[in-house]
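Peer 1: Quick one: the structure is below, and I'll ask about it shortly.
Just so you know, all these numbers are worked out from the coordinates, no wet-lab data involved. In this text the structure is predicted, and so the values were computed from the model without any measurement. Ideal geometry is used to build each Cβ from the backbone, glycine not excepted, and the neighbour counts take in all protein chains shown.
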Amino acid sequence: MAAAAAPSSFRPEEARSPPALELPTPPLSKFKVALCQLSVTADKARNISHARAAIEVAATKGAKLVLLPEIWNGPYSNDSFPEYAEDIEAGGDAAPSFSMMSEVARSLQITLVGGSIPERSGNSLYNTCCVFGSDGKLKGKHRKIHLFDIDIPGKITFKESKTLTAGQNPTVVDTDVGRIGIGICYDIRFQELAMLYAARGAHLLCYPGAFNMTTGPLHWELLQRARAADNQLFVATCAPARDASAGYVAWGHSTLVGPFGEVIATTEHEEATIIAEIDYSLIEQRRQFLPLQYQRRGDLYQLVDVQRLGSQ
């Protein structure tokens, strides 16, 4: 089906600066993804072995891509971040969570989006997602760009900025299962980041996240579906399982959303692993139905990718 033509005066190619990249041909067009909604305790060694076991089970069920939750190696709290933080650059005993993820990705020959863990680098702490290739090598590292600083009177107050430093770079990773844009939890609220990833040719956006009992029921699924529908790509999220006795109670509901904003698979709040299929042929199909890339008004608005523009 031919794309709908827009009047040349609308300049759709200028709505993204630099112009949006063509969607690359992925190494796999269809594969299984696993979203491991893990229970998390104060016992770091237990959390690491528990995560590894879940990854191994997912791989036996055919998953080529596995996602872990946000802050899965310890409690989500400003008091805990320094205690559970790892020096990823040092590796080894200084980074047992990181080392496990690298080793299990290599041994199972899977792509692993490793949720997030607190990272220590110099005098700073970051909320960091590591992406590992099927050879176990680190392919990308995303430090949470938008810190979770909110105050809803009578409901929830949390300020990650008390202990964490914001990351400085959007993260797009080419993997054995396609081009993936990475965000962490609060990053999903910022549509500009998802738009940048789409313009950089991402097939899939992955957001490890731990929404809470206030914003979770209101916004968690809504934001995932919006990011997927707006950008006509897949969105996968992975949350920790709910622990009602924890200081921070997570909403759960890990989900896979397709490029029409449709929920492909989801779960409730208990510990669970979702196994679902991603079929990238749906992206091109949906973009033919709704040819948004040819209908944008570059004469009226423009999204500037500062890093790509600066690298030209």
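Peer 1: For the stretch 99-147, give the magnitude of the charge dipole about the Cα centre (Cβ charges: +1 Lys/Arg, -1 Asp/Glu; no others), in debye to the nearest 20. Each step should come with its number before you reach the end.
Peer 2: On the way: 7 positive and 3 negative charges, 31 e Å.
Roughly 140 debye, rounded to the nearest 20.
Peer 1: On to the next question. When a/c is below 1.5 the answer is rounded, else prolate if a/b is larger than b/c, else oblate, so apply that to the stretch 64-206 with a ≥ b ≥ c taken from the square roots of the Cα gyration tensor eigenvalues.
Peer 2: Oblate, since a/c reaches 1.5 and b/c is not below a/b.
Peer 1: Could you derive backbone 3J(HN,Hα) for the stretch 268-277 from the dihedral phi with the Karplus parameters 6.51, -1.76 and 1.60 (θ = phi - 60°), listing whole Hz in sequence and x where the residue is Gly or Pro?
Peer 2: Working through the residues one at a time gives 8, 9, 6, 4, 6, 10, 8, 10, 9, 9 Hz.
Peer 1: OK, next. Got a sec to turn the phi values of the stretch 25-38 into Karplus ³J(HN,Hα) couplings, 6.51 cos²θ - 1.76 cosθ + 1.60 with θ = phi - 60°, whole Hz, x for Gly and Pro?
Peer 2: Here the 3J(HN,Hα) series is 6, x, x, 10, 8, 9, 6, 9, 10, 10, 10, 9, 7, 8 Hz.
Peer 1: Taking only Cα atoms, what is the 0 to 90° angle, nearest 10, from helix 221-231's long axis to the longest principal axis of the chain?
Peer 2: Tilt of helix 221-231: around 40 degrees.
Peer 1: Once each part is reduced to its C-alpha centroid, what is the distance from the stretch 81-143 to the stretch 261-293 in angstrom?
Peer 2: Here the answer is 27 Å between Cα centres.
Peer 1: About the Cα centre of the chain, how large is the charge dipole given +1 on each Lys and Arg Cβ and -1 on each Asp and Glu Cβ? Please answer in debye to the nearest 20. Can you show the working numbers first?
Peer 2: On the way: 30 positive and 34 negative charges, 108 e Å.
So the dipole magnitude of the chain works out to roughly 520 debye.
Peer 1: Further question on the same structure: For the stretch 67-77, just list the computed ³J(HN,Hα) in residue order, Karplus coefficients 6.51, -1.76 and 1.60, θ = phi - 60°, integers in Hz, with x standing in for Gly and Pro.
Peer 2: Result, rounded to whole Hz: 10, 10, x, 5, 6, 9, 9, x, x, 8, 6.
Peer 1: Just one of (i) 18.4; (ii) 16.3; (iii) 27.2 is mean projected area of the Cα convex hull in nm² calculated from these coordinates, so which is it?
Peer 2: Recomputing mean projected area of the Cα convex hull in nm² here gives the entry labelled (ii).
Peer 1: With angles folded into 0 to 90 degrees, how steeply does helix 44-60 sit against the dominant principal axis of the chain? Use alpha carbons for both and round to 10.
Peer 2: 50
Peer 1: Do the sum for the chain: with -39,500 (n - 2.57) for every DSSP H run of n ≥ 4, divided by all residues, what is the mean residue ellipticity at 222 nm, to the nearest 500 deg cm²/dmol? Intermediate values should be presented prior to the final figure.
Peer 2: Values: 7 runs with 70 residues, N = 312.
Taking each H run of at least 4 residues, the total per residue is -6500 deg cm²/dmol.
Peer 1: Give LYS61/LYS141; LYS139/LYS159; LYS44/LYS64; LYS44/LYS162; LYS64/LYS159; LYS137/LYS159 a once-over and call out the pairs whose C-alpha atoms are over 24 Å from each other.
Peer 2: Flagged as over cut-off: LYS61/LYS141; LYS139/LYS159; LYS44/LYS64; LYS64/LYS159; LYS137/LYS159.
Peer 1: Sticking with this structure for a sec: Within 10 Å, count the other beta carbons around each residue, average over each peptide in 241-251, 110-120, 209-219, and list them highest first.
Peer 2: Values: 241-251: 16.5, 110-120: 26.6, 209-219: 18.8.
The peptides rank, most packed first, as 110-120, 209-219, 241-251.
Peer 1: A further question follows. Search the structure for amide H atoms under 5 Å from the amide H of ILE145, placed 1.01 Å from N in the peptide plane, and list their residues when 5 or more places away or on another chain.
Peer 2: So ILE145 has HN proximity to GLY167, ILE184.
Peer 1: Can you tell me the dipole magnitude for the stretch 203-306 around its Cα centre, using point charges on the Cβ only (Lys, Arg +1; Asp, Glu -1), in Debye to the nearest 20?
Peer 2: Roughly 380 debye for the stretch 203-306.
Peer 1: Among PHE81, LEU67, ILE152, which residue has its Cα positioned farthest towards the positive end of the charge dipole of the chain, with +1 placed on the Cβ of Lys and Arg, -1 on the Cβ of Asp and Glu, and the dipole taken about the Cα centre?
Peer 2: The listed residue farthest towards the positive side: LEU67.
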